[in-house]
Structures are given as C-alpha cells and as structure tokens.
1. Looking at B:C148 and the list (1) over 15 Å from the mean Cα position of the chain (by Cα); (2) more than 14 Å from every other protein chain (Cβ to nearest Cβ); (3) surrounded by fewer than 21 Cβ atoms within 10 Å (Cβ to Cβ), which single condition is not satisfied?
2. Could you tell me which residue of segment B:217-258 is nearest to the chain's Cα centre (by Cα), considering only residues that are among the basic types (K, R) and within 14 Å of chain A (Cβ to nearest Cβ)?
3. Consider B:S239 carefully, then state whether it is part of a strand (DSSP E or B), among the hydroxyl-bearing types (S, T, Y), in contact with a Leu (Cβ under 9 Å, 6 or more places away or on another chain) and surrounded by fewer than 18 Cβ atoms within 10 Å (Cβ to Cβ).
4. Which ranges mark the strands (runs of 3 or more DSSP E) fully within segment B:8-72 that have 2 or more residues being in contact with an Asp or Glu (Cβ under 9 Å, 6 or more places away or on another chain)?
5. Can you tell me how many residues within segment B:172-231 are without any contact (Cβ under 8 Å) to a residue 40 or more places away in the chain and of a type in the set (S, T, N, Q)?
6. Among the numbered conditions (1) out of contact with any Asp or Glu (no Cβ under 8 Å at 6 or more places or on another chain); (2) part of a loop (DSSP other than H, G, I, E, B); (3) at pLDDT below 95, tell me where B:T172 comes up short.
7. Of all residues in segment B:33-54 being in contact with a helix residue (DSSP H, G or I) (Cβ under 7 Å, 6 or more places away or on another chain) and more than 10 Å from chain A (Cβ to nearest Cβ), which is surrounded by the fewest Cβ atoms within 10 Å (Cβ to Cβ)?
8. Against the definition (of a type outside the set (A, V, I, L, M, F, W, C) and either touching a helix residue (DSSP H, G or I) at 6+ places or on another chain (Cβ under 6 Å) or not in a strand (DSSP E or B) (or both)), how does B:N100 come out, yes or no?
Amino acid sequence: GATQGRLDSFFTLK
Amino acid sequence: MFEARLLQGSILKKALEGIRELITSGNWECSSAGISMQGMDPSHVALTVLMLQNDLFDQFRCDRNVTLGLNHATFSKILKCAANDDIITLKAEDQPDECNLLFQSANDDKTSDFIIKLTDIDQETLGIPDTEYAATVKVPSVEFQRICRDLSQFGDTIIISVKKGCVEFSGTGEIGSAKIALKESGNVDDDEKVSVEMDKDTPCSLSFASRYLNYFTKATSLSDTVTLQLCPEHPLVVSYDIGDNGSLKYYLAPKIEE
C-alpha cells in the first residue's frame, strides 16, 4: 500500500 | 479603495466551484496586479492557487493592497444569486470589514447588491519554487474529469504514468482494475487534442488520491483544456487557465509507496 504524502516540505513561507 | 468589474461574471462563479470544497475560507489578496488567493486543505495534501490578473477585468482599481478574508460557503451562496451572463463588480474600502458585490444583468434591467462580511484569517502565504517538470501533459478538461470519475470506482488511488507520446491513468481495487491511455494527437493547437511533453524522454509514474483529483475537476468549466505537470517525488500540478489572464492551479502531494 501507499501512504499519502504531505505538501509541507515542498513550499516555503513567503 | 478597491473596485473590480468582471464582464464575464461566470468566471468567478466557476472559480469558486473549484475552490469551495477544498478550502473553507481564504484571503483574497487584491493589488494593482489583480486578485490572488491560495490555501491548503486541512490535511496539507493539496494547495489551491487562484490568480485573476487585472487585465481579466474591464475596470480594475486598487489604490492600496486590500485583503478580503472570505468564507467560501457564504461567497458561493451569494455568487449563486448571479446569473451566468451577469456582470459582477467587487468593491471594498481600504482596510475593509465587508465587501460589496454588485450583479448587473446583461441587458441592464436588473441589479442586485450584496454585502459580505469579511473574516480575519490567520494564514501564511507560501512561495512556490520553480520546478523542472519531467512531464507536461495537456488533455481536454472534460476528458480528464471523466477519467478521474471512472477510475474512482476502482479505488482511492489513481496512478498517472507518462511515456513517450502517451499518458496512462490506472486504478486498482477489490472489484478489479482499469487502465485508460491517451495517445498524443498530431495537431496540438486544437483544444480537443492531447499533447505530451517530456524532459529527457524518461518515463514518469506517480500515485495520487482520486478524491482530490475529483475535487480539482470541479473547475472543469473554467477551461477546455487542463495541464498536468509531473516530477518524481514532487507534487502534481493541475492547471486550468482562465483565458490569457488568470489561472486556477492545484498542487497535490503524491502517495508514497512503502
């Protein structure tokens, strides 16, 4: 099975 | 003050359809460049980014940057009071606590005036890094909507695979499995056609939650085509262009194989 990844590591705070 | 008049008011109605189920409320940032809004779903799996450039509006005035904190359920209820061919004007003072929405019928025999109260939303703006995508695929938006709906019957995961000249969508579940392949068409200028561009011709395959892909397809009526951008271990980008002066983009974190 696969687990759902999260976006947090991809984007930076402006 | 801020005032923006949109001849094609239906654009705002359609954009909100693609937003409201993913983000309950958001800061609509108004500047001289236009209106932008971004927000993540509560589980931080999907980021939604709307951009409406000033050129999309036939009249646009924004003296100082204004933030409209809007509850999307309320905003949607009000926009449903506008007919598809209504002209929609948004108005707000500097540092507003409410926003005025004016709907004018196409033949100017009916005007409707609404006021929506704004809410303070504590939300950080995210910077989206430039990414070199391994694959960029354009497909008719209605076709993508249909494929996502059809494959959702098989399971909660849709695998998107791009090979040279072909994009394949597949799903597997208890009842069976499905695989739908779209081949690149000859004439890519036509909105009915499929185009597949790859960097270095390396096949790319990623798994995504079908639930989110189906949310994104609520924006189908915004554009005849949808663009999918894939890169290994990166979020999928699903983009609906709003004419030449706007877009509704979604970023979706992939599922990770254990």
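The values are calculated or read from the model by the stated rules, or taken from the named source; none is laboratory data. Predicted model only: the values in this text are computed from it and were never measured. Every residue, glycine among them, receives a Cβ derived from its backbone with ideal geometry; neighbour counts consider all protein chains shown.
1. If we test B:C148 against (1) over 15 Å from the mean Cα position of the chain (by Cα); (2) more than 14 Å from every other protein chain (Cβ to nearest Cβ); (3) surrounded by fewer than 21 Cβ atoms within 10 Å (Cβ to Cβ), just (3) comes out false.
2. Residues of segment B:217-258 among the basic types (K, R): B:218, B:249, B:255.
Now restrict to residues that are within 14 Å of chain A (Cβ to nearest Cβ): B:249, B:255.
On the way: B:K249: 4, B:K255: 21 Å.
Across segment B:217-258, the extreme among qualifying residues is B:K249.
3. Numbers: part of a strand (DSSP E or B): yes; among the hydroxyl-bearing types (S, T, Y): yes; in contact with a Leu (Cβ under 9 Å, 6 or more places away or on another chain): yes; surrounded by fewer than 18 Cβ atoms within 10 Å (Cβ to Cβ): no.
Answer is no for this residue.
4. Working: elements: B:25-31, B:34-40, B:46-53, B:59-62, B:66-71.
Once the strands (runs of 3 or more DSSP E) in segment B:8-72 are filtered for at least 2 residues that are in contact with an Asp or Glu (Cβ under 9 Å, 6 or more places away or on another chain), what remains is B:34-40, B:46-53, B:59-62, B:66-71.
5. 4
6. Here B:T172 clears every test but (2).
7. In the first step, residues of segment B:33-54 are kept if they are in contact with a helix residue (DSSP H, G or I) (Cβ under 7 Å, 6 or more places away or on another chain); the result is B:33-34, B:45-46, B:50.
If we keep only those that are more than 10 Å from chain A (Cβ to nearest Cβ) as well, we get B:33-34, B:50.
Details: B:A33: 15, B:G34: 19, B:L50: 24.
Among those that are in contact with a helix residue (DSSP H, G or I) (Cβ under 7 Å, 6 or more places away or on another chain) and more than 10 Å from chain A (Cβ to nearest Cβ), it is B:A33.
8. Working: of a type outside the set (A, V, I, L, M, F, W, C): yes; either touching a helix residue (DSSP H, G or I) at 6+ places or on another chain (Cβ under 6 Å) or not in a strand (DSSP E or B) (or both): no.
The answer is no for B:N100.
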